[in-house]
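Peer 1: For reference, the structure I am asking about is given below.
Just so you know, all these numbers are worked out from the coordinates, no wet-lab data involved. Just so it is clear, the model here is predicted, and its values are computed rather than measured. Every residue, glycine as well, gets a Cβ built from its backbone with ideal geometry; the counts of neighbours run over all protein chains shown.
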Amino acid sequence: MARITLRQLLDDAAERGYGVPAFNINNMEQGLAIMEAAQAVDAPVILQASRGARSYAGDIMLAKMVEALEATYPHIPLCLHQDHGNDEATCASAIRHGFTSVMMDGSLKADAKTPADYGYNVDITRRVVDLAHWVGASVEGELGVLGSLEAGGGEQEDGHGVVGEVSHDQLLTDPDEAVDFVRATKVDALAIAMGTSHGAYKFSRKPDGEILAMHVIEEIHRRLPDVHLVMHGSSSVPQDLQDLFNAHGGAMPQTWGVPVEEIVRGIRHGVRKVNIDTDCRLAMTAMFRKVADGNRGEFDPRKFLKPAMDALQKLCRERFEQFGTAGNAARIKVVPLAEMALRYRSGGLDPRVAGMATAAE
Ligand code: G3H
Ligand code: 13P
Ligand code: ZN
């Protein structure tokens, strides 16, 4: 059994200079494909479940499924993470169901649509850090509102995210505020806003520095060299998957995601967790279309799901290799949650904050 916390995993990633993709899961097929890819290249894994995933599969089903994945792949360190927790209750119930890490997204209010002010974000994130660290679980916070610098707002493609127009400033994490936020909340990882957004329609052209503000990551990393940074909305929306989807009856307008080489650049500047959902969805769904198109009489779901799992496995394997995650699983000795709790309580995980304070001055 190898259930690892986000903090331990990202500490290892920082020490060795790699990044870890965090893949969203909703069902067994996604879980098996991701774990199979991890096993093939010896990569540690972050599986993350959104609130939508939890209500789709149900908490008990999801928890038991991850237990089964853990038993099937006992040598792969596996972090189970709550994606975009909206309040304390979501984060606490996730931990109760075996999540070793939670995201408290206080950049938005609990409705997950309305931008929250800085004070609200600090207070709620700090409260979640207190409760999570008490049991050894990790916390990711978010500062700045995710959304498109091109469109000047959030996207509602997934049914969540900021609604309406947001100022350019709100869409970019402020480095000074980031220093203060990490000090005040003691989060284990910090998600930042720099022009990425959820879903397939991130950019209307190949992104440059105007619309994908990598310089924000570099500046925050300069100020907070020991803090683990998180990139959301980091699907690359590969052209070959768009083409496959469209070749078999799909209607996806041409779009651009985050180029893998930009993510790799981010990893060189402190990005340790890279959130990917859309690419996984597209890899599977393009394959559903291909199978349906190629054999219109087919009605066995497994004939759709198996090739879709293979496509997802291929995508995950590529990301593990591109981000340097591959080759690190066997070496990691998982620290149990209870031991992590003791380390937080004894202040054993605090020197990072002290070091950070010096770096910020
Ligand atoms: O947070 C964004 C992820 O893509 C999750 O999406 O809420 O539709 O599961 P979802
Ligand atoms: P994508 O939509 O780019 O895959 O982003 C997923 C994400 O950030 C989940 O939190
Ligand atoms: Zn996200």
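Peer 1: Which residue, of V227, V264, V258, is β-branched (V, I, T), within 16 Å of ligand 1 (Cβ to nearest atom) and out of contact with any Cys (no Cβ under 8 Å at 6 or more places or on another chain)?
Peer 2: V258
Peer 1: Restricting to helices (runs of 4 or more DSSP H) lying wholly in segment 27-146: which have 1 or more residues that are more than 16 Å from ligand 1 (Cβ to nearest atom) and either without any contact (Cβ under 8 Å) to a residue 12 or more places away in the chain or out of contact with any strand residue (DSSP E or B) (no Cβ under 9 Å at 6 or more places or on another chain) (or both)?
Peer 2: 28-41, 59-72, 88-96, 118-135
Peer 1: For segment 264-284, which residues satisfy the criterion of being without any contact (Cβ under 8 Å) to a residue 60 or more places away in the chain, within 16 Å of ligand 3 (Cβ to nearest atom) and among the basic types (K, R)?
Peer 2: R281, the sole residue that qualifies.
Peer 1: Now, a different point. Between a first residue in segment 184-199 that is touching a residue at least 40 places away in the same chain (Cβ under 8 Å) and a second residue that is among the β-branched types (V, I, T) and in a loop (DSSP other than H, G, I, E, B), which pairs have beta carbons less than 6 Å apart while being 6 or more apart in sequence or on different chains?
Peer 2: Pairs found: L190/V227; I192/T173; A193/V145; A193/T173; G195/I211; T196/V258.
Peer 1: Taking the condition of being surrounded by fewer than 23 Cβ atoms within 10 Å (Cβ to Cβ) and either within 16 Å of ligand 1 (Cβ to nearest atom) or closer than 30 Å to I217 by Cα (or both), how many residues in segment 285-322 meet it?
Peer 2: Selection size over segment 285-322: 7.
Peer 1: Related question: Return a yes/no flag: does segment 188-202 have any residue that is away from ligand 2 (no atom under 16 Å from the Cβ) and not hydroxyl-bearing (S, T, Y).
Peer 2: Yes, segment 188-202 contains at least one residue that is away from ligand 2 (no atom under 16 Å from the Cβ) and not hydroxyl-bearing (S, T, Y).
Peer 1: Provide a single number: the residues in segment 13-26 that are more than 18 Å from M231 (Cβ to Cβ), in contact (Cβ under 8 Å) with a residue 12 or more places away in the chain and more than 16 Å from ligand 1 (Cβ to nearest atom).
Peer 2: So the answer is 1.
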